[in-house]
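Report on one structure; see the data block that follows.
Bear in mind that the values in this text are calculations on the coordinates, not laboratory data. Owing to the predicted nature of the structure, the values given are computational and were not obtained by experimental measurement. Ideal geometry is used to build each Cβ from the backbone, glycine not excepted, and the neighbour counts take in all protein chains shown.
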Amino acid sequence: MSIQQNMVMDSFFEHLKKASASVLFLDYDGTLAPFCIERDKAYPYPGVCALLEKILFSSRTHLVLISGRRPLDLISLLNLPTHPEIWGSHGWERCLPDGTCQIGKIDELCLKGLVEADAWIEEKGWISYIEQKPACMALHVRGMDKNKAVQILQEAKEKWLVLAKETGLQLLAFDGGLELRAPGRNKGTAVETVLSEVGPQTQVAYLGDDLTDEDAFKVIKKNGLAILVRSDFRNTSADIWLKPPEELLEFLARWADAVQA
Ligand SMILES: [Mg+2]
């Protein structure tokens, strides 16, 4: 981390120590957990859960997970003693700590588009590469033979671009695949909703790795710290770059200490 980034972090944690309220937004895959070909075995880096538990039990931080996955996936992978708030499916699903969950209402034409995309995937025999979610579907090619992955992504991109044009769906690339998603919600709108419910003095930070986290970075920057968590740097609007797992664990430990002080 550069001297300037260290200074920004030191100043942030000084404010966090004094703040009566804070929100820590965390993406999951690639941020808290290393990528894993078997997605149901993508467990957090060792040490992450213990630190999240500490933060979760502090009354001064509201912990919010924001992922492209469905919320239930994260609950089983994290195995925490109590649920944080979880936004799944890129802002289309919200599950509160008390267990209540809401799903956003999707436009009828987009829904038709997703049904058609699904039928096409089945026709291609690619159903095992698909992750079905409300308002979106993801095609995963991580771990596949490189040529096969390129061919599948290319073919899906061509088909889905046409579908997107016809129905208003959005096509997005992510680390290890391609996603077809209804517009109107994303990780940025999820952050906006949570921030609209907290006081103006609340200290906030968002940690994410992927391109879909950029929407959230742009929103959080107006109020707090946007942090890119990634082994290799890429172009980003985040303020800080942390390399996982060491710098991530250090950040979470500093957060836990600050809100317990
Ligand atoms: Mg991620």
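What to note about this one:
- Amide N proximity, region 126-161 versus residue 37 label position 7 Å along Cα-to-Cβ, cut-off under 19 Å: 126-131, 139-153
- Helix-only CD estimate at 222 nm, as mean residue ellipticity for the chain, using -39500 (n - 2.57) per DSSP H run (n ≥ 4): -12500 deg cm²/dmol
- Volume per residue for region 108-181 equals 75 cubic angstrom (convex hull of Cα atoms).
- Residue-span extension gain [residue 151 to residue 82] - 0.36 nm each, minus C-alpha spacing: 20.6 nm
- Inter-label distance, residue 166 to residue 128: 2.8 nm, where each label sits 7 Å from its Cα along the C-beta direction.
- Tail weight of P(r) past 17 Å, computed on alpha-carbon pairs of region 65-119, percent: 44
- Under 5 Å, built H, 5+ apart or other chain: amide partners of residue 242: 228, 229, 230
- Peptide packing for 190-201, 132-143, 66-77 was compared via the average number of neighbouring C-beta atoms within 10 Å per residue; ordered from the highest value, the list is 66-77, 132-143, 190-201.
- Taking only the Cα atoms of region 54-162, the ratio Rg/Rh comes out at 1.07, with Rh defined as the Kirkwood radius.
- The label point for residue 75 and the one for residue 237, both projected 7 Å from the Cα toward the Cβ, are 3.3 nm apart.
- Over 32 Å (Cα to Cα) - which of 148/243; 41/165; 148/221; 159/187; 18/218 fall in this group: 41/165; 148/221
- For residue 203, the residues 5 or more places off, or on other chains, whose built amide H falls under 5 Å of its own are 21, 22, 23.
- Bridge type composition, the chain - antiparallel percent by DSSP, nearest 5: 50
- Counting only the Cα atoms, region 1-71 fills a convex hull of 119 Å³ per residue.
- Here r is the Cβ-Cβ distance between residue 98 and residue 11 and R0 is 22 Å; the resulting FRET efficiency, rounded to 0.05, is 0.05.
- Under 16 Å from the residue 2 label point (7 Å along Cα→beta-carbon), backbone N, region 234-248: 234-243
- Highest GNM mean-square fluctuation among 147, 79, 186, for the chain modelled with Cα contacts below 10 Å: 147.
- Model label zone, residue 111; criterion: amide N under 15 Å from point 7 Å along Cα-to-beta-carbon; scope region 123-146: 133-136
- Quotient of Cα Rg and 2.2 N^0.38 Å for the chain, N being how many residues it contains: 1.02
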